[in-house]
Structures are given as C-alpha cells and as structure tokens.
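Q: Dropping a structure here in structure tokens format, bear with me for questions.
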Amino acid sequence: MSSGATVSALQRLVEQLKLETGLERIRVSQAAAELQQYCMQNACKDALLVDVPAGSNPFREPRSVMDEKTRFDLL
C-alpha cells in the first residue's frame, strides 16, 4: 500500500469514528425490553401470527377458471 492510500484510509476511519461518537447508545437489556414490548403491541397485526383471510392475501397466486377445471379433471 502506498503512503497516500494509507493516509486516505486512516482519514476515512477517523471520520467514521467521529460519526459513531455522536450516536446515542442504550443498554442491550433496555433495547431488548423495548423490542419485546413493540412485538407484543403489534402481534395482532403480524401476518405470521394471525391468520390472513384468503381473499385478502397478497402473496397467494391468483386462481383462474382453467386451473379449477384442470384440478377437478385430475380428480
């Protein structure tokens, strides 16, 4: 590595560290408690926990008349 590249890399590192010193930090236990509380408050809206009505499921592939007919013919 050239000295110019090393100086440039160290300058970027110093700038990153300056940005990180300005961040507000909280304890992991506090963050975990807040996350747990958020999850419990929003559990009723979570599609993975609450059954989604078939008619309003955006991830379900649309059915066509041909698919229904073909399925009954196979039975």
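The values are calculated or read from the model by the stated rules, or taken from the named source; none is laboratory data. Because the structure is predicted, anything quoted here is derived from the model rather than measured. Neighbour counts are summed over all protein chains in view; Cβ atoms, including those assigned to glycine, are modelled from backbone coordinates with ideal geometry.
Q: Which one of Ala43, Ala31 is modelled with pLDDT of 95 or more, surrounded by 10 or more Cβ atoms within 10 Å (Cβ to Cβ), among the small types (Gly, Ala, Ser) and out of contact with any Asp or Glu (no Cβ under 9 Å at 6 or more places or on another chain)? Steps first, please.
A: On the way: Ala43 fails: modelled with pLDDT of 95 or more.
That would be Ala31, the only listed residue that is modelled with pLDDT of 95 or more, surrounded by 10 or more Cβ atoms within 10 Å (Cβ to Cβ), among the small types (Gly, Ala, Ser) and out of contact with any Asp or Glu (no Cβ under 9 Å at 6 or more places or on another chain).
Q: Filter the stretch 21-45 down to the residues that are assigned to a loop (DSSP other than H, G, I, E, B) and among the charged types (D, E, K, R) and list them by number. Please lay out each step first, then the result.
A: Step one: filter the stretch 21-45 for residues assigned to a loop (DSSP other than H, G, I, E, B), giving 22-27, 42.
Selection gives Glu24, Arg25, Arg27.
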